Amino acid sequence: MKTLYSRIVLTTIGILLLSSFTAFILSNLYYQYNLKGFNDRKITSMAHDIERFYTRYPDVQARDYLEHVGKLGYQIYLVDEHGKGEYYGGEFRNTELAPEIIRQVLGGETYHGIRNFPSGLFITGFFDNDLNNSIGVPIEIGGATHALFLRPDVTVQFGEMRIFFSIILLISILLCILLVGIVTRHIVKPIVKLTEATQHISQGKYDLKLDVKRQDEIGKLADHFSRMAKGLEQLEQMRQEFVSNVSHEIQSPLASIQGFSQTLQSQNLSAEQQQRYLSIIEEESRRMSHLSKQLLMLASLDKEDNLIDKTPFDLADQIRQVLTVTEWSWRSKDLAMDLELPSLYVHGDPQLLHQVWTNLLTNSIKFTEEGGTITIRLSRQNNLCSVEISDTGIGISESDLPHIFNRFYKADTARDRKENSTGLGLSITKKIIDLHHGHIEVKSRPGEGTTFRVRLPAV
C-alpha cells in the first residue's frame with residue numbers, strides 16, 4: 001500500500017522527468033524551426049571565409065591549412081573532381097554522401113546540408129555528426145576545383161560545456177529529489193499525526209493534543225480536527241448523561257409501579273389503601289407517558305428534516321389560547337395575569353410555537369406561589385417579534401442559569417417529583433426556537449422571579 005509520502009515523492013519525480021522530456025522536445029523543435037537556418041548561415045559564412053582566405057593566399061599548402069583549421073574545432077571533408085576525398089579535424093560518424101551533392105558543389109553551388117538536414121522529434125540536428133549535416137562550397141586548389149564540406153566539431157568546441165551542463169543537470173536532479181523527500185516529509189508529518197488521531201477517536205479516546213503549529217491549510221485542518229475531537233468528546237459525555245438520565249427517569253416510576261403492584265396483591269389491604277395505591281400507579285404511568293412523548297418530540301426535532309410547517313399567524317391570538325388552556329392552573333393559585341398583547345404576526349409553525357408558550361407559561365405557574373403575578377409582554381423590535389414572560393416566583397440561582405436548557409437538567413438536585421417534571425421542557429423550547437432562527441434568554445434571581453425573553457423573526 002502506497003503511503004502519501006511515497007505518492008508525493010513519486011509524483012514529483014514523475015513530473016520532473018516529464019518536464020525534462022517535454023523541455024527536450026520543445027528545445028529540439030525550437031532549434032529545428034528557429035535556430036537551424038541561423039546556424040546554416042553562420043557555418044556557410046565560415047566556409048566562404050576559408051575559401052576566400054585560401055584564394056587570397058594560394059601559396060599556402062592546402063593540406064596544412066585545412067589541418068590547422070580542423071584543429072581549431074571543425075570537421076572538414078575535401079573531395080576532388082575524381083571523387084577522391086580527405087578528412088581533416090574530427091571524424092564524421094556517418095561519411096555517406098550522395099555523389100549528386102558532390103557534383104553540385106564542384107559545379108559551383110553551395111550545399112546547405114545543415115538547413116536541409118531531416119528533422120527528428122528526439123534528435124537535435126546541431127549535434128548530429130553526419131557528413132550530410134554540413135556546408136559544402138567549391139574551392140580552387142592547384143588550379144582544380146574541389147568540394148569543401150565543413151561543420152563544427154561539437155566535441156572540441158562544446159565538449160567541456162556539455163560535461164559542465166550535464167553535471168549541473170545531474171546535481172540539480174539529485175538535489176531536487178533529496179529536497180522533495182525532505183519537504184514532503186515535513187508536509188506529511190502532521191497528516192500522519194491526524195491519521196493516528198483518527199485511530200484514537202475510533203477507539204473512543206478523545207483526549208488528543210495535536211502539536212501542529214502551522215498557518216497553512218494543514219494547520220487549519222489540524223485545528224479544526226482538534227475542535228471536532230473536543231466536540232465529539234462533549235457529545236459523548238452528553239450522550240452518556242442522556243442515557244443515564246433517561247434510565248433514571250424511567251427506572252423510578254417503574255420501581256414504584258412494580259412495588260405498589262406487588263403490594264396490591266396482598267390480601268390485607270383496605271379498600272382505601274387499594275384506591276390510594278392504584279392512584280399512585282396511575283400517576284406514575286401518566287408521568288412515564290408524558291416522558292416518552294417528550295423524548296419522541298426531541299427525537300423528531302433533532303431530525304429537523306421537513307419538520308417545520310411555517311405559516312403566518314397572529315402571535316397574540318395564540319398566546320391567548322394558551323392562557324385559556326392553562327386557565328384552571330393559574331386561577332387555582334389565584335395568580336394575577338398582567339397582559340400586553342398587541343396583534344403581531346410571525347412566520348412559523350403554529351403547533352410547535354404553541355408548545356413553546358405552553359412550556360414557559362406552565363413553568364411560571366408551577367414555580368410562582370399563590371397570589372403572585374405573571375406578566376406577558378408582546379412587542380416588535382425592528383424585524384423581530386419579542387415575547388417576554390415574567391413571574392414573581394422562586395427564581396433560579398446564578399449557578400443553575402447556564403444549564404437550564406440542558407436535557408434532564410433540574411435545579412432541584414433532590415429530583416423532587418411533586419411537580420411531575422422531566423427536565424425536558426426547556427430543552428424542547430430552545431430547540432423549537434432555534435429551528436425558527438430565533439433566540440431565547442433568561443434573567444432570574446432567587447426569591448425575585450424569572451423572566452424569559454423570546455425573539456422571533458416578524459412578518
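The values are calculated or read from the model by the stated rules, or taken from the named source; none is laboratory data. Quantities reported herein were computed from a predicted structural model and do not represent experimental measurements. Methodologically, a virtual Cβ is constructed for each residue, glycine included, from the backbone with ideal geometry; neighbour enumeration extends over all protein chains shown. Accessible surface areas use protein heavy atoms only, side chains included; no ligands, DNA or RNA. Shrake-Rupley method; radii C 1.70, N 1.55, O 1.52, S 1.80 Å.
For the structure I just gave you, tell me whether V60 is in contact (Cβ under 8 Å) with a residue 24 or more places away in the chain, β-branched (V, I, T) and surrounded by 12 or more Cβ atoms within 10 Å (Cβ to Cβ).
no
For segment 365-400, which residues satisfy the criterion of being of a type in the set (A, V, I, L, M) and surrounded by fewer than 17 Cβ atoms within 10 Å (Cβ to Cβ)?
The one that is of a type in the set (A, V, I, L, M) and surrounded by fewer than 17 Cβ atoms within 10 Å (Cβ to Cβ): L384.
Would a scan of segment 88-96 turn up a residue that is loosely packed, with under 12 Cβ neighbours inside 10 Å, without any contact (Cβ under 8 Å) to a residue 40 or more places away in the chain and assigned to a strand (DSSP E or B)?
So far as segment 88-96 goes, yes, one or more of its residues are loosely packed, with under 12 Cβ neighbours inside 10 Å, without any contact (Cβ under 8 Å) to a residue 40 or more places away in the chain and assigned to a strand (DSSP E or B).
Search segment 193-209 for residues being touching a Leu at 6+ places or on another chain (Cβ under 8 Å) and open to solvent by 40 Å² or more (accessible area, probe 1.4 Å), and hand back the single one that is modelled with the lowest pLDDT.
Y206
Would it be correct to say that I43 is part of a helix (DSSP H, G or I) and among the β-branched types (V, I, T)?
Judged against the criteria, I43 is a match.
Mind listing whichever residues of segment 1-40 are open to solvent by 100 Å² or more (accessible area, probe 1.4 Å) and either of a type in the set (G, A, S) or outside any helix (DSSP H, G or I) (or both)?
Once the filter is applied, which keeps residues that are open to solvent by 100 Å² or more (accessible area, probe 1.4 Å) and either of a type in the set (G, A, S) or outside any helix (DSSP H, G or I) (or both), segment 1-40 yields M1, K2.
Could you please find all residues in segment 325-341 being surrounded by 13 or more Cβ atoms within 10 Å (Cβ to Cβ) and basic (K, R)?
K333
Pairs, please: C-beta under 6 Å, at least 6 apart or cross-chain, first residue farther than 13 Å from S427 by Cα and of a type in the set (V, I, T) and in segment 339-365, second surrounded by 17 or more Cβ atoms within 10 Å (Cβ to Cβ) and modelled with pLDDT of 90 or more?
That search, which allows pairs on different chains as well, returns V346/L315; V346/C385; V346/L456; T358/V322; I365/W330.
List pairs: first in segment 437-448 and at positive phi, second open to solvent by less than 30 Å² (accessible area, probe 1.4 Å) and assigned to a loop (DSSP other than H, G, I, E, B), Cβ under 7 Å, 6+ apart or cross-chain?
Between residues of segment 437-448 that are at positive phi and residues that are open to solvent by less than 30 Å² (accessible area, probe 1.4 Å) and assigned to a loop (DSSP other than H, G, I, E, B), the close pairs are G447/G395.
Which of the following residues is open to solvent by less than 50 Å² (accessible area, probe 1.4 Å), touching a Cys at 6+ places or on another chain (Cβ under 8 Å), modelled with pLDDT of 90 or more and at negative phi: V322, V346?
Sole residue among the options that is open to solvent by less than 50 Å² (accessible area, probe 1.4 Å), touching a Cys at 6+ places or on another chain (Cβ under 8 Å), modelled with pLDDT of 90 or more and at negative phi: V346.
Take segment 70-97 and flag every residue that is over 60 Å from the mean Cα position of the chain (by Cα) and of a type in the set (S, T, N, Q).
Residues satisfying the conditions are Q75, T95.
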